[in-house]
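Inspection log for the structure reproduced underneath, given as structure tokens.
The values are calculated or read from the model by the stated rules, or taken from the named source; none is laboratory data. What you see is a predicted model, and the numbers here were worked out from it, not measured in a lab. Positions of Cβ are generated from backbone atoms using ideal geometry, with glycine treated the same way; all protein chains shown enter the neighbour counts. Note: accessible area is taken over every heavy atom of the protein model, side chains too, but ligands, DNA and RNA are not part of it. Shrake-Rupley method; radii C 1.70, N 1.55, O 1.52, S 1.80 Å.
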Amino acid sequence: MCNEQYEESKLYQIRHSAAHIMAQAVMEMFEPGEAKIAIGPPIRDGFYYDFDLPRNLTPDDLKAIEKRMRQIIAKKEPFVKTVVSAEEAKEQFADQPYKLELIEGLEAGGVDEYGDEIQGETEISFYTDGEFVDLCRGPHVENTGEINPAAFKLQSIAGAYWRGDEKNKQLQRIYGTAWETKEDLKAHLKFLEEAKRRDHRKLGKDLDIFTFDEEVGPGLPLWTARGTAVIEAIENLAYETERNHGYRNVRTPHLTKEDLFLRSGHLPYYADSMYPPMEMDGSNYYIKPMNCPFHHKIYNSKQHSYRDLPVRLGEYGTCYRYEKSGELFGLMRVRSMQMNDAHIYCTPDQFEQEFIDVINIYLEYFKIFGIEKYVMRLSTHSDKGLGKKYVDNKEMWVKTEQMVRDAMDNAGVPYVERADEAAFYGPKIDVQVWSAIGREFTLATNQVDFAVPERFEMKYTDEHGEEQIPLCLHRAPLSTHERLVGFLLEHYAGKFPVWLSPEHVRVIPITDAHIEYAKKLADELYAAGFHAEADLGNARMNAKIRAAQKMKVPYMLVVGDQEMADGTVSVRNRDGEQMNGVAFAEFKAMLAEKVASRDAEL
RNA sequence: GCCGACGUAGCUCAGUUGGCAGAGCACCCGCCUUGUAAGCGGGAUGUCAUGGGUUCAACUCCCAUCGUCGGCUCCA
């Protein structure tokens, strides 16, 4: 459901009304004037309300609040709208500082009670149900009885900064979910359970892809042999694709003197998210949080003619960023990451083609991975951020943003624009994707950099023999290994296509008599470059098949007397399809073709 | 970093008012010699996250630290 439809739906009113009823129930828990209320909008699947309370809420409180909400619902109190003047509003909420701030915002105009910009006349209104009055533009259901008492549930308590600013006071937020029917609620809770099963953190453990260890440190994943197999398949794809698009690979160190990051301009902006420096021989050395400046130095290591451009330097570089502890999230936000990085140096004339070529690389990858739902987002600067978040050069911002728009429009690639989301050195196209369980991620990025080439004094000689400054593109179509594998685990629910699979094939002997043969086949497959294992454990064949199924191994080779006698295998795929009497050489050839083709089907 | 919850075997989890640390799966051993999603029997498995404290006695109560999770903030 798109936003506009949602905002006009009954469900939206139900959730909005449930938020009011919840606030009412919370207010009743405290002495008059003790509980301060902030805002409480509907959100996807539910609603929340923010409170400033004399004590912290506990999970037990949620049960009591739910109970009280059901009592309010039973009263069938009508929701009544009253349009008031700013003065009346201030009088009503004299002891509610957050509401007063909102009213002042409404009075000043241009901003609604959630801080979003609004157009047209600002009308201040109340919604009243029973004893409870809230500053609200509505709409709501007719009366509290329209909320199904069996179709809502309070879910969690969280801290949330007033107006989303960490300099402000942190409020207590209660999240709830509300639906029209009990069945809808049950379905939603079931979906949440299902999402847990498809969570990359669980799948990563079950499928033995990666692990974290407290002694190693938070946000520092360890890739197992199986995980590394997946990563290497991705790297092969990247190297092959980039080769086809004219990239050259480079390699750079993990450490550098601070001078480099001072020149790049990163240090003043990002020192907080870098690991602290190591002092050595009178210099401060930093572990690299990005690869860019190294590539710039490689560009600068020799002269360039316009005839050499574009120069495209690629590297799967490992970077380290000190993400704040609360920001870490499985493989999706980590402190060590290997980026599918590359920098393209080109003339302004070449910009459009280069930019679109990067977009085309995305599209190639999305096709291979079967990623159908994505949104390209053009992130632009904001004037208020100039000189702070953004390089202070408005002319270049406006110019490069238009260059990106033109490139996207001319290529016919749809995108949305979002202001105040750019990198500090230029506008960018981020690609948002959604995993199978609905989680949104920025996967790929394609960034224009008009600032750094000048800082690094990068040059090329044009056809008139004059020195020019190139443009730079930063791009990471496959994101980082960490984020991509995390995403793909959820995207495929662990059922990797054969070419990406951590284990292509598992050989299963039927009895002890076939162990040697099974081992021989697995060794031969491994030597031929496949990820092959033999299950030689003390268990029945059926149990071994079950184990392989649970690991989502695409192919199982079951071998017994028959197969040993005639040099064949019984091929079973993870969809349960079975082919008996396949010559081993034939299977090997089929697997080789399957892996090379990157075919999604078994 | 902030608010809150949680941390017991490799995994998933139980553990009563403070009184001998448990189950299933996995693992190891044995039996069976098996034909496409769990054969049977036996066995080993713990710094109850870490460090303090209270107590005759702490997995259990208190404090601190570390880590994870749900959010907020952030994501070059």
The lone exception for A:Thr252 - which of (1) modelled with pLDDT of 95 or more; (2) part of a helix (DSSP H, G or I) it fails: (2)
Qualifying residue in the range A:353-374 (condition: closer than 14 Å to A:Tyr460 by Cβ, without any contact (Cβ under 8 Å) to a residue 12 or more places away in the chain and either open to solvent by 60 Å² or more (accessible area, probe 1.4 Å) or out of contact with any helix residue (DSSP H, G or I) (no Cβ under 9 Å at 6 or more places or on another chain) (or both)): no
query: So which residues in the range A:224-242 are of a type in the set (A, V, I, L, M, F, W, C) and closer than 26 Å to A:Leu313 by Cα?
result: A:Ala229, A:Val230, A:Ile231, A:Ala233, A:Ile234, A:Leu237, A:Ala238
- prompt: Residues in the range A:575-602 that are more than 11 Å from RNA strand B (Cβ to nearest atom) and in contact with a Ser or Thr (Cβ under 7 Å, 6 or more places away or on another chain): how many?
  reply: 2
field: A:Lys76 being of a type in the set (Lys, Arg) and farther than 25 Å from A:Leu189 by Cβ
entry: yes
statement: Restricting the range A:218-232 to residues that are away from RNA strand B (no atom under 14 Å from the Cβ) and hydrophobic (A, V, I, L, M, F, W, C), the one most open to solvent (accessible area, probe 1.4 Å) turns out to be A:Ala225
- prompt: What is the residue count in the range A:447-463 for residues that are within 20 Å of A:Pro427 (Cα to Cα) and outside any loop (DSSP other than H, G, I, E, B)?
  reply: 7
Lone unmet requirement of (1) within 17 Å of the chain's Cα centre (by Cα); (2) assigned to a loop (DSSP other than H, G, I, E, B) for A:Glu490: (2)
field: Candidate set from the range A:555-574 (those that are of a type in the set (Val, Ile, Thr) and either without any contact (Cβ under 8 Å) to a residue 40 or more places away in the chain or more than 6 Å from RNA strand B (Cβ to nearest atom) (or both)); member that is surrounded by the most Cβ atoms within 10 Å (Cβ to Cβ)
entry: A:Val569
field: Residue, surrounded by the most Cβ atoms within 10 Å (Cβ to Cβ), within the range A:33-57, restricted to residues that are farther than 14 Å from A:Ser156 by Cα, at pLDDT 90 or above and not aliphatic (A, V, I, L, M)
entry: A:Gly40
query: Is there a residue being under 30 Å from A:Ala528 (Cα atoms), open to solvent by 10 Å² or more (accessible area, probe 1.4 Å), touching an Asp or Glu at 6+ places or on another chain (Cβ under 9 Å) and assigned to a loop (DSSP other than H, G, I, E, B) anywhere in the range A:431-441?
result: no
- request: Mind counting the residues in the range A:162-206 that are in a strand (DSSP E or B) and more than 22 Å from the chain's Cα centre (by Cα)?
  value: 8
statement: Screening A:Leu521, A:Leu536 for residues that are of a type outside the set (Phe, Trp, Tyr) and modelled with pLDDT under 95 leaves only A:Leu536
task: Filter the range A:128-152 down to residues that are in contact (Cβ under 8 Å) with a residue 60 or more places away in the chain, open to solvent by 70 Å² or more (accessible area, probe 1.4 Å) and within 26 Å of A:Tyr98 (Cα to Cα), then give me how many there are.
output: 1
